[in-house]
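Step one of this worksheet: look at the structure below.
The values are calculated or read from the model by the stated rules, or taken from the named source; none is laboratory data. Computed from a prediction, not measured in an experiment: that's the story for all the values here. Here Cβ is always computed from backbone atoms with ideal geometry, including for glycine, and neighbour counts include all displayed protein chains.
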Amino acid sequence: MAESDAPALFPELVSQPVASYTTGLLPSQRLEELIQSGRIHASTPISPDQVQPTSIDLRLSSTAYRVHASFLPNPNTTVQKKLQELKSEEVDLSQPTYCTANAYTLSAFRKS
């Protein structure tokens, strides 16, 4: 039986060309194209070592906060206000540190 005569493993996908998909993971080559074209950008240029096979590594600020509960901002509060209520410890990320069990660590992205 010729390969083209074999039944498709996922026949529902055969009629849809791959180019028609608009969701999913992007390979590093496509991420690099989007960075070069300016469609993906940051206040500090994204360096080549930040581009991984299907993601871009983000750089964290030098300070993080340990909080004992996860939370989402809402129309009545902000992340800063919730952080002031829930933070248990400020962590200097410029020094070696560790993750704590049963706690969340929140950090901003590096701006420069």
*Among the strands (runs of 3 or more DSSP E) confined wholly to region 37-112, which include 2 or more residues that are within 30 Å of residue 27 (Cβ to Cβ)?*
60-67, 104-109
*Scan region 71-112 residue by residue and report those that are surrounded by 10 or more Cβ atoms within 10 Å (Cβ to Cβ), of a type outside the set (Asp, Glu) and farther than 28 Å from residue 46 by Cβ.*
71, 77, 81, 82, 84, 86, 87, 88, 100, 103
*Please go through region 61-70 and pick out each residue that is at pLDDT 85 or above, closer than 29 Å to residue 40 by Cα and either loosely packed, with under 12 Cβ neighbours inside 10 Å or of a type outside the set (Gly, Ala, Ser) (or both).*
63, 65
*Being of a type in the set (Lys, Arg) and in contact with a strand residue (DSSP E or B) (Cβ under 6 Å, 6 or more places away or on another chain), is that true of even one residue in region 55-70?*
yes
